[in-house]
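Here's the structure, in structure tokens; my notes come after.
The values are calculated or read from the model by the stated rules, or taken from the named source; none is laboratory data. Just so it is clear, the structure is predicted and the values come from calculations on it, not from any experiment. Heads up, the Cβs are rebuilt from the backbone with ideal geometry, glycines too, and the neighbour counts pull from every protein chain shown.
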Amino acid sequence: MKHALDPDDSSFNQKSKNESLSVDLLRDLSDDLISQLKRVGFLSLKDIVIEGPSELSSKSGLSINESNLIYNLAITYLEDMGIMEMRFTPATTIYHKRKKIGRISTGSRNFDKLLGGGIETNAITEVYGEFGTGKTQLCHTVSVMVQLNQSEGGLDGRALYVDTENTFRPERIETISKTRNQDPDKILDNIIVAKAYSSAHQELILSESSHIIESQDIKLLIFDSAISLYRSEFIGLSSLSLRQQRLNKLFHSMMRIAQTHQVAVLLANQVQSSPETGYGNMPFKAAGGNIFAHASTYRIFLRKSNRNRIARMVDSPNHPESEIVFTINESGITDPKTSN
Ligand code: GTP
Ligand code: MG
């Protein structure tokens with residue numbers, strides 16, 4: 001379905017009883033407004049919802065009141081189209097919808113079980129852990145798994161891989177594909193890689209990702225890693241508040257992308273030492289502070305255990321805190337031999 005802000009698009013001339021004021025506004029300004037929005041990069045209703053009213057206002061020059069109206073109108077249309085959840089939805093409807101939610105296998109049955117079946121669409125899944133705990137290996141493996149059909153643990157979709165640490169390796173994708181009996185050329189063709197060189201560049205990539213997701217049938221958006229560029233650029237206490245503001249905006253955009261495009265967002269995150277370490281506490285906590293903690297739907301802590309790795313569900317709205325064992329081999333993330 002196309003949602004371009006086309007002046008001829010009849011959806012813009014329809015009167016919605018909830019949003020008559022906004023429709024009047026659009027009808028009055030229609031042509032000029034639409035070309036104004038297009039000129040500053042708002043090509044679809046989803047773009048408006050993902051960017052949010054303050055961004056709409058600052059990029060287009062519209063007042064915040066006008067931007068709020070247009071934003072609410074865009075949400076209403078997406079609700080009417082069944083793309084976003086209707087306002088005031090019975091919980092049973094949400095429950096039935098959630099049963100059908102898309103999930104992508106991690107490559108390990110143990111890991112999938114920890115996640116209740118795999119990495120969920122419409123949500124942000126964050127994995128954090130020390131170096132070498134398997135974050136990048138998970139990102140590589142899931143980029144392959146998303147392309148499989150549903151009975152094999154995929155979603156028949158493509159992956160958009162944002163690489164901020166220069167650790168994406170096509171050779172690794174080739175090995176994982178071959179050991180999983182997939183054609184490596186086809187798999188590589190279906191992974192779109194965006195290398196980010198600075199936090200500003202990462203934000204530009206995110207703002208442009210909406211069009212790629214829509215046109216390329218992307219089902220998985222990866223950030224490996226999500227905040228390393230911010231950590232290296234914003235150093236010291238004096239820049240902390242600006243860094244957190246930028247991260248806050250970044251994560252809200254990510255969540256809106258997950259929900260409006262119905263994709264899974266997978267974030268790799270670094271750790272920092274935790275001063276509260278003591279009995280029962282973990283020696284590391286995820287970088288990014290509270291902003292990151294609240295933004296992720298699911299948070300998983302990875303650690304080494306001899307040759308294996310342990311994944312622990314640390315925060316989830318619907319999973320108990322529990323942990324599983326997985327391993328890394330030629331096929332990427334998988335189960336240790338003994339648990340097969
Ligand atoms: P940082 O990005 O440094 O924070 O670490 P990370 O958590 O992203 O680590 P990564 O996912 O890159 O995991 C590295 C681990 O995977 C190392 O222990 C490697 O030995 C292992 N690994 C990578 N490729 C292979 C492979 O082809 N076979 C096997 N058996 N292990 C591999
Ligand atoms: Mg890594």
Pull up region 134-171, narrow it to residues that are touching a residue at least 60 places away in the same chain (Cβ under 8 Å) and among the acidic types (D, E), then point me to the one that is farthest from ligand 2 (Cβ to nearest atom). D156
Check on F131, within 16 Å of ligand 2 (Cβ to nearest atom), aromatic (F, W, Y) and within 15 Å of G332 (Cα to Cα): no
Restricting attention to region 179-189, does a residue exist that is over 13 Å from Q147 (Cα atoms), outside the structural domain of E55 (by TED's automatic domain parsing) and in contact with a helix residue (DSSP H, G or I) (Cβ under 8 Å, 6 or more places away or on another chain)? no
When the residues of region 227-276 are filtered to those that are among the aromatic types (F, W, Y) and more than 10 Å from the chain's Cα centre (by Cα), which remaining residue is nearest to R98 (Cα to Cα)? Y230
What tally of residues in region 129-153 results from selecting those that are within 7 Å of ligand 1 (Cβ to nearest atom) and assigned to a loop (DSSP other than H, G, I, E, B)? 5
Mind checking which pairs have a first residue in region 52-68 that is in the same structural domain as I34 (by TED's automatic domain parsing) and a second that is assigned to a loop (DSSP other than H, G, I, E, B) and small (G, A, S), Cβ under 8 Å, 6 or more apart or different chains? S57/S63; K59/G41
Selected residue (only one of T141, T175 is surrounded by fewer than 19 Cβ atoms within 10 Å (Cβ to Cβ), in the same structural domain as N308 (by TED's automatic domain parsing) and among the β-branched types (V, I, T)): T175
Checklist (1) in a helix (DSSP H, G or I); (2) within 24 Å of H294 (Cβ to Cβ) applied to E174, failing item: (2)
Of the conditions (1) away from ligand 2 (no atom under 16 Å from the Cβ); (2) touching a strand residue (DSSP E or B) at 6+ places or on another chain (Cβ under 9 Å), the single one that S228 does not satisfy is (1)
